Amino acid sequence: MELDVAELEAVLKRLRRAQGQIGGVIRMIEEGRDCTDVVTQLAAASRALDRAGFKIVATGLRQCAAHPAADGAPSEEELERLFLSLA
């Protein structure tokens, strides 16, 4: 499955955001910050990762619907498994 450039940029943007948030969580823990702040930041990173994963799965679903017999395209079962792994 290949993402088009615009979709790939959106996924990369979300992953970079999550990367920054995780770095922030590490710094917060090292600095002894309040656990509420740490958990809030960790939840934001988790959401960013989830959204990146959902974007990739959604792209796969669109591609499979448009080109159901394409070689290398994930099967419906594979896409379902991937989708459920994010839930």
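The values are calculated or read from the model by the stated rules, or taken from the named source; none is laboratory data. As the structure is a prediction and not an experimental result, all values here were calculated from the model. Note: ideal-geometry Cβ built from the backbone for every residue, glycine included; neighbour counts use all protein chains shown.
Please indicate, with yes or no, whether at least one residue in segment 8-31 is modelled with pLDDT of 85 or more, of a type in the set (Asp, Glu) and surrounded by 13 or more Cβ atoms within 10 Å (Cβ to Cβ). No, because not a single residue in segment 8-31 is modelled with pLDDT of 85 or more, of a type in the set (Asp, Glu) and surrounded by 13 or more Cβ atoms within 10 Å (Cβ to Cβ). Is there a residue being out of contact with any Asp or Glu (no Cβ under 7 Å at 6 or more places or on another chain), modelled with pLDDT of 80 or more, of a type in the set (Lys, Arg) and more than 21 Å from Asp4 (Cα to Cα) anywhere in segment 50-64? Looking for residues that are out of contact with any Asp or Glu (no Cβ under 7 Å at 6 or more places or on another chain), modelled with pLDDT of 80 or more, of a type in the set (Lys, Arg) and more than 21 Å from Asp4 (Cα to Cα), one finds none in segment 50-64, hence no. Taking segment 1-46 only, how many residues are within 19 Å of Gly60 (Cα to Cα) and part of a helix (DSSP H, G or I)? Here the count works out to 11.
Condition check: surrounded by 12 or more Cβ atoms within 10 Å (Cβ to Cβ), among the hydrophobic types (A, V, I, L, M, F, W, C) and out of contact with any strand residue (DSSP E or B) (no Cβ under 8 Å at 6 or more places or on another chain). Does Val5 satisfy that?
no
The combined condition, being surrounded by fewer than 17 Cβ atoms within 10 Å (Cβ to Cβ) and at pLDDT 80 or above, is not fulfilled by Ala70.
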